[in-house]
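> Sharing a structure below in structure tokens format, with a few things to ask.
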Amino acid sequence: MLGEGILKGLAETAKNFAGSYVSKERLTTVQYPEERIPTSESARVFPFLVYDGPDWEAGLRCVACQICEKECPPKCIYIEKSKDKKPDYVGKLQIYPARFDIDVSVCMSCQICVEVCPFEAIKMDVEFELSTDDRFGGLLRNRQHLAKSNEYYHQIHPTEASEVDARLGEEKAKLEAKAKAAAAAAAAKAAAPAAPAAKPAESTPKPAEGTDKQ
């Protein structure tokens, strides 16, 4: 029947409207911004950079590989590699992003940057109040604004963050086991006694010239 879908929609609206006076479950709206609905774990709004440890600058997981910058469809990510290396939060020397900016006005929240990152360094935030009256500087988020701790990541996406930590922990354990095995092999090689040098073969002395052999 023509208009059947519209009638069904109006009936659902009327049911919620009337039911909102007797049941909170039917109250589908809130008085924003005074009232807020808890953000769903599945929400994906804008990227942020994950860091480990207490220092955001030293603990950034990003190593400026620039894969996300190349794969970003609207080209809203701008990265500059550092000229030097510095220790990360575990003391390993790494190249780091001297600049990492994302343009809020261009980003379309596609999450491709998250999917292509091999270091689990960039994730999607649930923060959606990104409007500002500064149409230039306020819409360009630099690495300090983007950096958020792994603890924050666990708060907004606990299931996903736990899976990521477990995977990174397994990879770290494998690398540590490999390094220990290499160190043990090197130590065993250094402690092994040196093989004795082979004795030179004895040679028969040649008779002097002008003498007859007997």
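The values are calculated or read from the model by the stated rules, or taken from the named source; none is laboratory data. Computed from a prediction, not measured in an experiment: that's the story for all the values here. Cβ coordinates were reconstructed from backbone atoms using ideal geometry, including for glycine residues, and neighbour counts include every protein chain displayed.
> Looking at ALA185, is it surrounded by 10 or more Cβ atoms within 10 Å (Cβ to Cβ) and touching a His at 6+ places or on another chain (Cβ under 8 Å)?
Working: surrounded by 10 or more Cβ atoms within 10 Å (Cβ to Cβ): yes; touching a His at 6+ places or on another chain (Cβ under 8 Å): no.
In short, no.
> Got a number for residues in segment 143-172 being of a type in the set (A, V, I, L, M, F, W, C) and outside any helix (DSSP H, G or I)?
Restricting attention to segment 143-172, the residues satisfying the condition of being of a type in the set (A, V, I, L, M, F, W, C) are 146-147, 156, 161, 164, 166, 168.
Okay, now just the ones that are also outside any helix (DSSP H, G or I), so 147.
So the answer is 1.
> Has segment 148-160 got at least one residue that is among the hydrophobic types (A, V, I, L, M, F, W, C) and either free of Cβ contacts under 8 Å to residues at least 60 places away in the same chain or touching a Leu at 6+ places or on another chain (Cβ under 8 Å) (or both)? If you could, list the steps in order and put the result at the bottom.
Let us first name the residues in segment 148-160 that are among the hydrophobic types (A, V, I, L, M, F, W, C), namely 156.
The next check asks that each one be either free of Cβ contacts under 8 Å to residues at least 60 places away in the same chain or touching a Leu at 6+ places or on another chain (Cβ under 8 Å) (or both); those that pass are none.
The answer is no; no qualifying residue exists.
> Let me ask something else about it. In the set GLU129, GLU120, which member is within 24 Å of SER40 (Cβ to Cβ) and loosely packed, with under 14 Cβ neighbours inside 10 Å?
GLU129
> Turning to a different aspect of this structure: Out of all the residues in segment 133-145, is one or more buried (at least 19 other Cβ atoms within 10 Å of the Cβ), among the hydrophobic types (A, V, I, L, M, F, W, C) and in contact with a Phe, Trp or Tyr (Cβ under 9 Å, 6 or more places away or on another chain)? Step through it out loud before you land on a result.
Going residue by residue through segment 133-145, those that are buried (at least 19 other Cβ atoms within 10 Å of the Cβ) are 141, 143.
Subset that is among the hydrophobic types (A, V, I, L, M, F, W, C): none.
No: segment 133-145 contains no residue that is buried (at least 19 other Cβ atoms within 10 Å of the Cβ), among the hydrophobic types (A, V, I, L, M, F, W, C) and in contact with a Phe, Trp or Tyr (Cβ under 9 Å, 6 or more places away or on another chain).
> For the structure I just gave you, tell me whether ASP101 is of a type in the set (D, E, K, R), in contact (Cβ under 8 Å) with a residue 24 or more places away in the chain and in contact with a helix residue (DSSP H, G or I) (Cβ under 7 Å, 6 or more places away or on another chain).
Here the answer is no, as ASP101 does not meet what is asked.
Listed here are the residues, each with its yes/no results for (1) modelled with pLDDT of 90 or more; (2) small (Gly, Ala, Ser); (3) exposed (fewer than 10 other Cβ atoms within 10 Å of the Cβ).
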position	(1), (2), (3)
ILE6	yes, no, yes
LEU10	yes, no, no
PHE17	no, no, no
THR28	no, no, no
GLN31	no, no, yes
GLU35	no, no, yes
PRO38	no, no, yes
PHE46	yes, no, no
ALA58	no, yes, no
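> Further, regarding this structure: If I go through segment 158-170 residue by residue, how many of them are within 14 Å of the chain's Cα centre (by Cα) and either surrounded by 11 or more Cβ atoms within 10 Å (Cβ to Cβ) or within 26 Å of ARG99 (Cα to Cα) (or both)? Give the derivation first.
Applying the first criterion (within 14 Å of the chain's Cα centre (by Cα)) to segment 158-170 yields 160-169.
From the residues that got through so far, the ones that are either surrounded by 11 or more Cβ atoms within 10 Å (Cβ to Cβ) or within 26 Å of ARG99 (Cα to Cα) (or both) too are 160-165, 167-168.
Summing the residues that are within 14 Å of the chain's Cα centre (by Cα) and either surrounded by 11 or more Cβ atoms within 10 Å (Cβ to Cβ) or within 26 Å of ARG99 (Cα to Cα) (or both) in segment 158-170 gives 8.
> It is to be established whether one or more residues within segment 33-43 are of a type in the set (S, T, N, Q) and under 15 Å from ASP101 (Cβ atoms).
Here is the first cut: in segment 33-43, the residues of a type in the set (S, T, N, Q) are 39-40, 42.
If we keep only those that are under 15 Å from ASP101 (Cβ atoms) too, we end up with none.
No; the residues of segment 33-43 include none that is of a type in the set (S, T, N, Q) and under 15 Å from ASP101 (Cβ atoms).
> With PRO87, PRO47 as the choices, which residue is within 15 Å of LEU146 (Cβ to Cβ) and touching a residue at least 12 places away in the same chain (Cβ under 8 Å)? Outline the logic, then answer.
Values: PRO87 fails: within 15 Å of LEU146 (Cβ to Cβ).
After ruling out the rest, the residue left standing is PRO47.
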